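Here, each number is a calculation from the coordinates, and none is a lab measurement. Since we're looking at a predicted model, the values are computed, not measured. Here Cβ is always computed from backbone atoms with ideal geometry, including for glycine, and neighbour counts include all displayed protein chains.
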Amino acid sequence: MKIIIQRVKQAQVDVDGKTVGQIGGGVLVFLGVAQNDTQDDADYLVRKVSELRMFEDDEGKMNLSALDKKSEFLIISQFTLYGNCDKGRRPSFNDAAKPDIAIPLYEYFVKQLRGLDVKVETGEFQAMMDVKLVNDGPVTFIIESKRDK
């Protein structure tokens, strides 16, 4: 699994002109699922996104996590995170999980994050979404559950 996380002042996602998810200050998460991902990958990323010290303390240092700040989360599925652009001009999505694998893992990720007693909003899986955000910082990180050893 791969996530792009952005610290935001606010974010929302619209589908067909209707807002389906909206948060105030917190974390916008773009989540991609690969073919061989498991619940262990989701658990790892839930811990990372919730515990990563990406918010400033009173001294302006990044010492506070989303859990410390009681931040809100907006989770957006994004299979294009596994687009391979190495050859030619058209990305290959061979590494992205098919919906029968991706949907349950996406839902599991959301459920585990909600289990931390934080507000979690989502987009719609496989929908064309308009994502609007006010980036805070900007602070953006890319985290993968599987790293080269």
- Around Val13 (Cβ within 11 Å, Cβ-to-Cβ, excluding Val13; K/R +1, D/E -1) the net charge comes to -2
- Whole-Å distance linking the alpha carbon centroid of region 113-149 with that of region 26-90 is 5
- Query: How long is the gain from Asp43 to Phe125 if the chain were fully straight, where each residue apart is worth 0.36 nm and the alpha carbon distance is subtracted?
  - Reply: 27.6 nm
- Message: Can you say what percent of the DSSP beta bridges in the chain, counting only those with both residues inside, are antiparallel? Round to 5.
- Response: 75
- Query: How high is the relative contact order of region 2-144, in percent, counting Cα pairs under 8 Å that sit 6 or more residues apart?
  - Reply: 39
- To the nearest 10 degrees, the tilt of helix 39-51 (Cα long axis) against the first principal axis of the alpha carbons of the chain is 30
- Message: Can you tell me the length gained on complete extension of the stretch Lys18 to Thr80, counting 0.36 nm per residue apart and subtracting the Cα distance?
- Response: 20.0 nm
- Message: 5 Å is the cut-off here: which amide hydrogens, built 1.01 Å from N in the peptide plane, fall below it relative to Leu52, excluding neighbours closer than 5 in sequence?
- Response: Ala66
- Task: Fewest Cβ neighbours within 10 Å first, please rank Met54, Met129 accordingly.
- Result: Met129, Met54
- In what order do Arg89, Arg47 fall by count of nearby beta-carbon atoms within 10 Å, going from fewest to most? Arg89, Arg47
- Item | Residue-wise HN-Hα coupling along region 56-66, computed from phi with Karplus coefficients 6.51, -1.76, 1.60 (Hz; x: Gly, Pro) | 6, 8, 5, 9, x, 9, 6, 10, 10, 8, 4
- Calculated from backbone phi, Karplus (6.51, -1.76, 1.60) coupling profile of region 95-109 in Hz, x at Gly/Pro: 7, 6, 5, 6, x, 5, 9, 5, 4, x, 6, 4, 5, 5, 4
- Message: Need the list of lysines near Lys98 for cross-linking: C-alpha distance under 29 angstrom, and skip anything on the same chain fewer than eight residues off.
- Response: Lys2, Lys18, Lys48, Lys87, Lys111, Lys119, Lys132, Lys146, Lys149
- Message: If amide hydrogens are placed 1.01 Å from N in the peptide plane, which non-local residues have theirs closer than 5 Å to the one on Gln10?
- Response: Val134
- Message: Please list, in order, the residues from region 1-36 whose amide nitrogen is less than 18 Å from a point placed 7 Å along the Cα→Cβ vector of Glu56.
- Response: 6-10, 25-27
- Using modelled amide H (1.01 Å from N, peptide plane; none on Pro or chain starts), what sits under 5 Å from the amide H of Ala97, excluding residues fewer than 5 places away? Val33, Ala34, Gln35
